[in-house]
1. Among the numbered conditions (1) surrounded by fewer than 18 Cβ atoms within 10 Å (Cβ to Cβ); (2) more than 55 Å from the chain's Cα centre (by Cα); (3) of a type in the set (A, V, I, L, M), tell me where Ala225 comes up short.
2. Do you know which residues across the stretch 257-307 are loosely packed, with under 11 Cβ neighbours inside 10 Å, β-branched (Val, Ile, Thr) and farther than 26 Å from Thr186 by Cβ?
3. Looking only at the stretch 172-182, how many residues end up being without any contact (Cβ under 8 Å) to a residue 60 or more places away in the chain and either among the hydroxyl-bearing types (Ser, Thr, Tyr) or touching a Leu at 6+ places or on another chain (Cβ under 8 Å) (or both)?
4. Kindly provide the set of residues from the stretch 1-23 that are surrounded by 12 or more Cβ atoms within 10 Å (Cβ to Cβ) and either modelled with pLDDT of 75 or more or not in a helix (DSSP H, G or I) (or both), ordered by number.
5. Which residues, counting only those in the stretch 170-206, are at positive phi and either out of contact with any Lys or Arg (no Cβ under 9 Å at 6 or more places or on another chain) or among the acidic types (Asp, Glu) (or both)?
6. So Glu190 ticks every box in (1) surrounded by 14 or more Cβ atoms within 10 Å (Cβ to Cβ); (2) within 23 Å of Gln247 (Cα to Cα); (3) modelled with pLDDT of 85 or more; (4) not β-branched (Val, Ile, Thr) but one. Which box is left unticked?
7. So if I check each of Gln201, Gln169, which one is part of a helix (DSSP H, G or I) and either of a type in the set (S, T, N, Q) or without any contact (Cβ under 8 Å) to a residue 60 or more places away in the chain (or both)?
8. Here is a check on your reading of the model: is Pro209 at negative phi and surrounded by fewer than 10 Cβ atoms within 10 Å (Cβ to Cβ)?
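The values are calculated or read from the model by the stated rules, or taken from the named source; none is laboratory data. Here the structure is a predicted model, which means the values were calculated and not measured. Note: ideal-geometry Cβ built from the backbone for every residue, glycine included; neighbour counts use all protein chains shown.
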Amino acid sequence: MRAIRAPRRMIQKGDGGSHWISFSDMLSSLLLVFILALMVSIYQYFSVLDVKTKELETKSVELDRVQISLVQKEEDLRTAQAELMGKEEEVASIQIQLQKQEEDLKAAQTALKTQKDEQAALQLQLAAQELDLQQMQLAMNQQQQQIDDLLGVRTQIIQELSQAFTQSQLNVKVNEDTGDIMLDSTLLFEKGGEVLLPGGQAQLARLIPVYLSVLMRPEYEAYVAEIVIEGHTDSTGSYLHNLKLSQARALGVVTYCLDLPGLSAVQRQKLQSILTAKGRSYSDRIFFPDGTENMDASRRVEIQFRLKDSEMIQKMNQILQGR
């Protein structure tokens with residue numbers, strides 16, 4: 001301001017002062033205008049700066065919010081990643097469980113197949129056992145039928161022997177269970193003797209043809225396995241002496257039977273194949289009710305017949321009777 005005033009003084013002192021004053025004023029005006037313009041520009045600058053600052057602050061706030069949002073999103077992302085990792089672990093665990101279940105399922109299927117194979121094998125074994133059982137049952141039925149037939153044949157032979165002796169007026173008693181015929185030894189032999197007496201020969205001559213007429217019938221021929229003549233003694237004397245005596249008496253009866261004149265060659269040959277003699281000494285004595293030996297009854301000759309498979313029948317009867 002001081003620099004402006006000095007020219008004014010100089011203008012006042014010199015010639016043509018009016019010209020300098022106008023120029024000075026013009027410069028002052030220009031300077032003023034410049035200053036005003038500068039001030040306006042500065043004002044505008046600061047105004048714009050203020051606006052921009054506010055905008056920057058607003059943007060900064062927004063940026064902070066965005067950053068906070070980004071941080072939150074990052075946290076959310078990390079949380080999601082952590083959850084995802086947890087889910088992946090769960091999925092991996094589930095996959096392991098599924099794999100284990102698949103392995104268990106395969107093992108169960110293998111075990112089931114093995115069980116089915118074993119069951120099929122057992123069914124085959126069961127079928128084979130059932131077939132064997134059926135065959136055994138069939139065999140047992142056949143054996144039972146044979147036993148029934150044999151038992152029926154024995155009963156029928158015993159009945160027909162009794163009827164034949166009765167019709168022939170022979171006083172001979174047939175054992176109802178075994179079919180054995182017991183002959184008094186005193187009528188056949190002398191005491192201690194082994195030669196047939198005439199009375200014994202006469203008795204055998206009447207008895208044996210009737211006996212053989214039943215046993216050698218065609219319907220019984222296939223069943224009769226053996227005709228046994230057994231000699232028995234009492235306990236007088238030693239066992240060996242009585243064994244020889246009983247054997248000799250049985251052999252004497254067999255010899256007489258084979259020499260009977262009424263037999264045909266076929267009957268004699270058949271009789272030779274089934275007739276045997278057996279001495280029993282005093283191994284099968286007969287006793288009175290009080291336990292003492294019946295000497296007369298013990299001295300005897302028995303005529304017995306054996307059917308085929310009779311031993312088997314006897315054993316089966318013992319089993320059935322619990323013996």
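1. Condition (2) is where Ala225 drops out.
2. Residue satisfying the conditions is Val266 alone.
3. 2
4. The answer is none; no residue qualifies.
5. Gly192
6. Exception for Glu190: condition (1).
7. After applying the criteria, what remains is Gln201.
8. Considered against the rule, which asks whether it is at negative phi and surrounded by fewer than 10 Cβ atoms within 10 Å (Cβ to Cβ), Pro209 comes out as no.
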